[in-house]
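Bear in mind that the values in this text are calculations on the coordinates, not laboratory data. All of these numbers come straight from a predicted model, not from anything done at the bench. Methodologically, a virtual Cβ is constructed for each residue, glycine included, from the backbone with ideal geometry; neighbour enumeration extends over all protein chains shown.
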Amino acid sequence: MTKLTFTRRVMMAATAAAISLGAPALAGGHKVVDSIHFLIPGGAGGGWDGTARGTGEALTKSGLVGSASYENMSGGGGGKAIGYLIENAASQHGTLMVNSTPIVIRSLTGVFPQSFRDLTLVAGTIGDYAALVVAADSPIQDVNGLIEAFNADPAKTAVGGGSVPGGMDHLVAAMVFEAAGADPVQMKYVPYDGGGATMAGLLSGEVQTVSIGFSEAIELAKAGEVRIIGVTADERVDAYADAPTMVEQGNDTTFVNWRGFFAAPGLPADKLTMYQDAIAKVYETAEWEDVRSRNGWVNIHNPGDEFKSFLENQEKVIGDLMRKLGFL
């Protein structure tokens, strides 16, 4: 199998070029948008859910948006929500759909027929590191212990994730295994619908570890229900500094997953401008900084055409990686 040493770095570079850490905590501004309905393509408790609700919290508390509502619409690897937004475009001008790297991955693999090109691109907003997590009482203490358990009995060391096989959570785990010299093709991957279901699978013992967004694991780790055994950041993240990085354990894997917002095709230009204005201004607020730091996110702001160029580049990089892994 082709080694992925350079692709891990390239995949990181596809997002890192747009990242700046932190944000000034300034006062909010005047109301820009009356209301936003957030469409979430996965279940409660996942990264999409947390991003939509956290963004809505900051926008409303800062006064930039009058009110926010939320709708979880799982199905088809995110394709159900995308299809709904496209098919009902005329009635969805008040809706923003959250999405992330999987919209690129699942389009490439044909999980759904649409791509980001079929939607109105509003803005990329944040990045979230990935993490490998075990139950609090697991005998696996770190990433090296996970690899040792896998090498001893691959069939009994299942990895769960909130994406389909060949999706982002699967790819991140494959990177970690490959970096450790283990064969990611032999890795048993169990898909779940979103981060909440993934954590439930871990706590019930269905899987021995999960690949998940770092922000999705923080609260359960603080509550003592799970342990984060590795984060794909270059250095420890302040939001939960107890979590070790992959790098400090000798595993050369770094990765950050962008998240952002899309609207229905044909969205009027003035409405798009209002959404983009509200998102741009929220970075300057104390309310956003509270949400960002709580979740361990990094700021990525790619509005409009910048978002399109970013996605086209990621599509190429991820496509190359997936072909090396045999998913395409």
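Data for the structure
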{"read-out": "Cα centre as origin, Lys/Arg/Asp/Glu Cβ charges: the stretch 130-213 dipole, Debye", "value": "100"}
{"read-out": "Principal axis dimensions, the chain - Cα atoms, whole angstrom, descending", "value": "59, 38, 34"}
{"read-out": "Share antiparallel - DSSP beta bridges, the stretch 129-249, percent rounded to 5", "value": "55"}
{"read-out": "Against the rule of thumb 2.2 N^0.38 Å, how large the Cα Rg of the stretch 181-231 comes out", "value": "1.18"}
{"read-out": "Global form of the stretch 150-303, assessed from the alpha-carbon gyration tensor, a/c cut-off 1.5", "value": "prolate"}
{"read-out": "Partner aspartates and glutamates for Lys31 [C-alpha distance under 13 Å; skip if fewer than 8 residues away on the same chain]", "value": "Asp277"}
{"read-out": "Spin-label model distance (nm) - Asp277 vs Asp320, 7 Å beyond Cα toward Cβ", "value": "4.0"}
{"read-out": "Net charge, His30 excluded, C-beta distance under 15 Å - Lys, Arg +1, Asp, Glu -1", "value": "-1"}
{"read-out": "Helix-only [θ]222 nm of the chain, DSSP H runs n ≥ 4, -39500 (n - 2.57) each, per residue, nearest 500", "value": "-12500 deg cm²/dmol"}
{"read-out": "Residue exposure sequence - Ser100, Ser211, Ser107 - by fewest surrounding Cβ within 10 Å", "value": "Ser107, Ser100, Ser211"}
{"read-out": "With Cα atoms, 0 to 90° folded angle of helix 269-282 axis to the chain main axis", "value": "60"}
